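The structure appears right after this line, and notes come after that.
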Amino acid sequence: MESMAIPGRPDGPAGALPNHRLATFVFLMAGTMLFIGLVGALIVLRYAMPQWPPPGVPSLPLGLGTFNTAVILLSSIALQRGVRAMRLLDAAALRRGLTFASVLGALFVALQALQWSILIGRGLSFAGTTYASTFYVISGAHAAHALTGFLWLGAMALRQRQAWVTDAMQRQIEVCALFWHFVGLVWVFLYVVLYLL
Amino acid sequence: MSEHAHKTPFIRKYIFSTDHKVIGIQFLMMSLFFMIIGGLLAMMVRWQLGFPEKAMPLGTLFPDKLMPEGHMGPEFYNAVFTMHASIMIFLVIIPILAGAFGNFLVPLMIGARDMAYPKLNMLSFWVAVPGGLLMASSFFTDTGAAATGWTAYPPLSAVADYTGVTAGQSMWIGAVLIVGTASIMGAVNYITTIINMRAPGMHLFRMPLTIWALFITAILQLLATPVLASVMGMLLFDRTLGTHFFAPVGGGQVLMFQHMFWFYSHPAVYIMILPAMGFVSDILATFSRKPIFGYKAMAFSIMGIAGLGFIVWGHHMFQSGMNPLLGTTFMASTMVIAVPSAIKTFNWLGTIWRGSIRFTPAMLNALAFVSTFIVGGLSGIFMASTPVDMFIHDTYFIVAHIHYVLFGGSLFGVFAAINYWYPKMFGRMMNEAVNTVHFILTFIFFNLTFFPMHMLGMAGHMRRIADPTAYDFLKPLQPLNEFITINALILGAVQVLFAGNFIISLFAGKKAERNPWHANSLEWVAPSPPPHGNFETIPTVYHGPYEFSVPGVVEDYLPQDRPAPGGAPSHTPSLSTARA
Ligand code: HEM
Ligand SMILES: [Cu+2]
């Protein structure tokens, strides 16, 4: 996010958080509500069915799902190490963190795509059952966020070349990191809801 | 500052501007434009209901398919009333309250130079515009515009064959998603700005109630709109990709749509009224020359209304066949909302009580807001009671309620706000005489149009029917329908006064001073119109915005940036005032 065009308060923010962090948290609340809406629908549809998954429907690849959950968590950890390095003014470690996080993010998205194609191959068609539709819509909405996230992380990694980090860059990276942790956290929750329950 | 503004090229200054005031005015113009379209659609609806057998004036201008020989068929009628409501809600009331006044007022009233994220702000407007155009342009598709009512209930909306509308309905859904995105962007900006960018000394409980209302409204938009997005997304998939989220044949749940839709849309009705409540609070205090009665109670009841607003959605569904126990809970929670609403109403009355009232057009419209909101709130309590609602659900009683709260409430609030802040927005005064006449006629014909609808509803007149004369039991009511239509047409015509005054005053209005109403909040400290960056120096705030008729002060008002003489009633250490 860009810095302010016009200087704001002479003596800094009136609230406890700087603008960019506050705005990101606020924005992520909207994101949370989106997934709450979708998962709410899933729950309603699920309890309306006598059996879930409905008989004859291919089951989700639990192993792949679990592995992918680990991938996105590792990505978050790598990123967090990068951000900590940024606070310690270690630009090289920051860049490493961003790159690792982005590559793992790309792997996550790729594995999601693989999972979809496996499921489609086994005959789990998008419109066939509410079981399939909810799975695809929820994981798809999440994948859209993950795609944005890893591209953004990658862009940050490419742009952060100097041995120092500008203030503007630092703010962008913080925002990006908050977003990515959100994507990871939501996935853990979705993993539980979609695969385990 | 102002030299800087002169150098900005036209396109950056008026089209792709990041200045919150320009963006606010852009939202205002967009909403007023759509208000004209929505208003004309209303006139068409009323003509059809009043005189279904007569050809509509100018009806022959429409393609024969829609209006054979100037007569509206039921299919076209469905599209017209649907689009009337959708445009008025999504493209007029929400953007004019949150978009136009939110943008214009938030930085000015909290003493900031702009929003926290001016570019995001600009983006929100330029996302809203294509959304609006997408919705409006659906009229020109082959099968016409959406025709399911603004509530778009499936199965009607989920299967194109049921209404015969193909692209139009999907465009409608797309438009709602786009406009929703714009309003989330706006909400993020308002919340951040209000929390972080307040001028020194502007504690939360020194903020004008307008800001409190816009703040809480932004939170509602932020939390409710994504749920609308999720349900609209699923509806779109049902229409286009053959899923069965809402179709029982494939295991879908029709009622789920209603629950999710109203989970958004009930908070949305508060998005459509809370800002107006804020404006009215400020205007009543200013023109009564008295502090607002019960400032904190007012702020807390805004929060109360918003919080309760999230747990009452089921009152729209008493007739839907949901679990009766659940229905009873929704009945109870809905009735509880009347409490904070009543607190606000009594506090408004307390504010004007024994004030030295000045009947400016802004004040008149604000008083109209209070009185019609009482009627609309009371009809709401009737409907909140399940057994009563069984009888009046989906009748003209609901239509009367909607219009008492949305026209009588929100729109009178908007008229009040335009009258009040026009000098600040454009640096010129509107003609008060014309606006007084406009107010009187609007108030009279508003009531003549909408009050009788309560009676139609009690008599069982359904809403959303194209031809009341087709039902024997409604035939005796037809004279009332004709009466309503005539008044509605006059009500529509009267708006020309306001539109004309609005436009002419832009060029010929008397130049406005900084503080024409002698009000206290910070926007009146800035020049009229404020330059880019708003204030010469960021003001320091010493007290709340309602210090009218303070004992010991010569004038009957005390701007927020001026300490009270002899010991300020404030917690801020005394700094020297920047402005004389
Ligand atoms: C004391 C406050 C209020 C109460 C108790 C209340 C109650 C209700 C109830 C029970 C209904 C559903 C009736 C039915 O469909 O059978 C309803 C409908 C409606 N209300 Fe309210 N209401 C209140 C205030 C408001 C306000 C402030 C607004 C908007 C600014 C509003 C806008 C609407 C709209 C648009 C509908 C109709 C929705 C539709 O079916 O198209 N209400 N209200
Ligand atoms: Cu409601």
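Considering only segment A:119-172, state which residues are assigned to a helix (DSSP H, G or I) and polar (S, T, N, Q).
Answer for segment A:119-172, where residues must be assigned to a helix (DSSP H, G or I) and polar (S, T, N, Q): A:130, A:133, A:134, A:139, A:148, A:170, A:172.
Which condition from (1) at the interface with chain B (Cβ under 10 Å from one of its Cβ atoms); (2) without any contact (Cβ under 8 Å) to a residue 60 or more places away in the chain; (3) not in a helix (DSSP H, G or I) is the one that residue A:37 breaks?
Failing condition for residue A:37: (3).
So which residues in segment B:405-440 are open to solvent by less than 10 Å² (accessible area, probe 1.4 Å) and either within 14 Å of chain A (Cβ to nearest Cβ) or within 16 Å of ligand 2 (Cβ to nearest atom) (or both)?
Across segment B:405-440, the qualifying residues are B:409, B:410.
Across segment A:112-127, which residue is farthest from residue A:47 (Cα to Cα) among those that are free of Cβ contacts under 8 Å to residues at least 24 places away in the same chain and within 14 Å of another protein chain (Cβ to nearest Cβ)?
Step by step, filter segment A:112-127, then rank; the result is A:120.
Considering only segment B:525-554, how many residues are open to solvent by 20 Å² or more (accessible area, probe 1.4 Å) and within 14 Å of chain A (Cβ to nearest Cβ)?
Number satisfying all stated conditions: 6.
When you scan segment B:241-258, how many residues do you find that are farther than 10 Å from residue B:155 by Cβ and at the interface with chain A (Cβ under 10 Å from one of its Cβ atoms)?
10
Scan segment B:371-394 for residues that are more than 16 Å from ligand 2 (Cβ to nearest atom) and open to solvent by 10 Å² or more (accessible area, probe 1.4 Å) and report the count.
Summing the residues that are more than 16 Å from ligand 2 (Cβ to nearest atom) and open to solvent by 10 Å² or more (accessible area, probe 1.4 Å) in segment B:371-394 gives 6.
Are any residues in segment B:441-458 open to solvent by less than 50 Å² (accessible area, probe 1.4 Å) and either hydrophobic (A, V, I, L, M, F, W, C) or within 20 Å of the chain's Cα centre (by Cα) (or both), and if so, which ones?
Hits for segment B:441-458 are B:442, B:445, B:446, B:447, B:449, B:450, B:453, B:456.
Can you name the residue in segment B:260-276 that is in contact (Cβ under 8 Å) with a residue 60 or more places away in the chain and within 16 Å of ligand 2 (Cβ to nearest atom) and is also nearest to the chain's Cα centre (by Cα) among such residues?
B:272
Return yes when residue B:302 is away from chain A (no Cβ under 14 Å), within 16 Å of ligand 1 (Cβ to nearest atom) and over 18 Å from residue B:206 (Cα atoms) and no when it is not.
Numbers: away from chain A (no Cβ under 14 Å): yes; within 16 Å of ligand 1 (Cβ to nearest atom): yes; over 18 Å from residue B:206 (Cα atoms): no.
So residue B:302 does not fit the description; no.
Check whether at least one residue in segment B:286-300 is within 14 Å of ligand 2 (Cβ to nearest atom), open to solvent by less than 10 Å² (accessible area, probe 1.4 Å) and touching a residue at least 24 places away in the same chain (Cβ under 8 Å), and report yes or no.
Our first condition is that a residue be within 14 Å of ligand 2 (Cβ to nearest atom); within segment B:286-300, this holds for none.
Looking for residues that are within 14 Å of ligand 2 (Cβ to nearest atom), open to solvent by less than 10 Å² (accessible area, probe 1.4 Å) and touching a residue at least 24 places away in the same chain (Cβ under 8 Å), one finds none in segment B:286-300, hence no.
Could you list, in sequence order, all residues of segment B:474-504 that are among the small types (Gly, Ala, Ser) and open to solvent by less than 20 Å² (accessible area, probe 1.4 Å)? Outline the logic, then answer.
Our first condition is that a residue be among the small types (Gly, Ala, Ser); within segment B:474-504, this holds for B:488, B:492-493, B:499-500.
Matches in segment B:474-504: B:488 only.
Quick check on residue A:151: is it open to solvent by less than 40 Å² (accessible area, probe 1.4 Å), closer than 17 Å to residue A:71 by Cβ, among the hydrophobic types (A, V, I, L, M, F, W, C) and more than 11 Å from the chain's Cα centre (by Cα)?
When the stated conditions are applied, residue A:151 does not pass them.
Residue by residue, here is whether (1) surrounded by fewer than 18 Cβ atoms within 10 Å (Cβ to Cβ); (2) within 13 Å of another protein chain (Cβ to nearest Cβ) holds:
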residue	(1), (2)
B:163	no, no
B:166	yes, no
B:175	no, no
B:190	no, yes
B:194	no, yes
B:199	no, yes
B:206	no, yes
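Regarding residue B:345, is this residue within 14 Å of ligand 1 (Cβ to nearest atom), in a helix (DSSP H, G or I), surrounded by fewer than 19 Cβ atoms within 10 Å (Cβ to Cβ) and modelled with pLDDT of 95 or more?
Answer is yes for this residue.
Here's the yes/no breakdown for (1) modelled with pLDDT of 95 or more; (2) out of contact with any Asp or Glu (no Cβ under 9 Å at 6 or more places or on another chain); (3) at negative phi; (4) in a helix (DSSP H, G or I):
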site: B:495; (1), (2), (3), (4): yes, yes, yes, yes
site: B:507; (1), (2), (3), (4): yes, yes, yes, yes
site: B:532; (1), (2), (3), (4): no, no, yes, no
site: B:536; (1), (2), (3), (4): no, yes, yes, no
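Of the residues B:152, B:218, B:187, which is at pLDDT 95 or above and on the phi > 0 side of the Ramachandran plot?
Among B:152, B:218, B:187, only B:152 is at pLDDT 95 or above and on the phi > 0 side of the Ramachandran plot.
Quick check on my filter: what residues within segment B:237-272 are among the β-branched types (Val, Ile, Thr), open to solvent by 10 Å² or more (accessible area, probe 1.4 Å) and within 15 Å of ligand 1 (Cβ to nearest atom)?
Hit for segment B:237-272 is B:269, nothing else.
All but one of (1) in contact with a Phe, Trp or Tyr (Cβ under 6 Å, 6 or more places away or on another chain); (2) buried (at least 21 other Cβ atoms within 10 Å of the Cβ); (3) more than 9 Å from chain A (Cβ to nearest Cβ) hold for residue B:156, so report the exception by its number.
(2)
Among (1) in contact with a Phe, Trp or Tyr (Cβ under 6 Å, 6 or more places away or on another chain); (2) open to solvent by 20 Å² or more (accessible area, probe 1.4 Å); (3) within 23 Å of residue B:484 (Cα to Cα), where does residue B:402 come up short?
Result: residue B:402 fails condition (1) only.
Only one of these conditions is not met by residue B:331: (1) open to solvent by 10 Å² or more (accessible area, probe 1.4 Å); (2) more than 14 Å from ligand 1 (Cβ to nearest atom). Which number is it?
With (1) open to solvent by 10 Å² or more (accessible area, probe 1.4 Å); (2) more than 14 Å from ligand 1 (Cβ to nearest atom) applied to residue B:331, the lone miss is (2).
Restricting to segment B:305-326, count the residues that are crowded, with 19+ Cβ neighbours inside 10 Å and more than 12 Å from ligand 2 (Cβ to nearest atom).
Residues meeting the conditions: 1.
Sort out which residues of segment B:161-186 are assigned to a helix (DSSP H, G or I) and free of Cβ contacts under 8 Å to residues at least 40 places away in the same chain, and write them in order of number.
Just the residues of segment B:161-186 that are assigned to a helix (DSSP H, G or I), to begin with: B:161-163, B:167-186.
Answer for segment B:161-186, where residues must be assigned to a helix (DSSP H, G or I) and free of Cβ contacts under 8 Å to residues at least 40 places away in the same chain: B:161, B:162, B:167, B:171.
The values are calculated or read from the model by the stated rules, or taken from the named source; none is laboratory data. Worth saying up front: this structure is predicted, and the values here are computed from it rather than measured. Cβ: placed from backbone, ideal geometry, glycine included. Neighbour counts: every protein chain shown. To get the accessible areas, we keep the full protein, side chains included, count just its heavy atoms, and leave off ligands, DNA and RNA. Shrake-Rupley method; radii C 1.70, N 1.55, O 1.52, S 1.80 Å.
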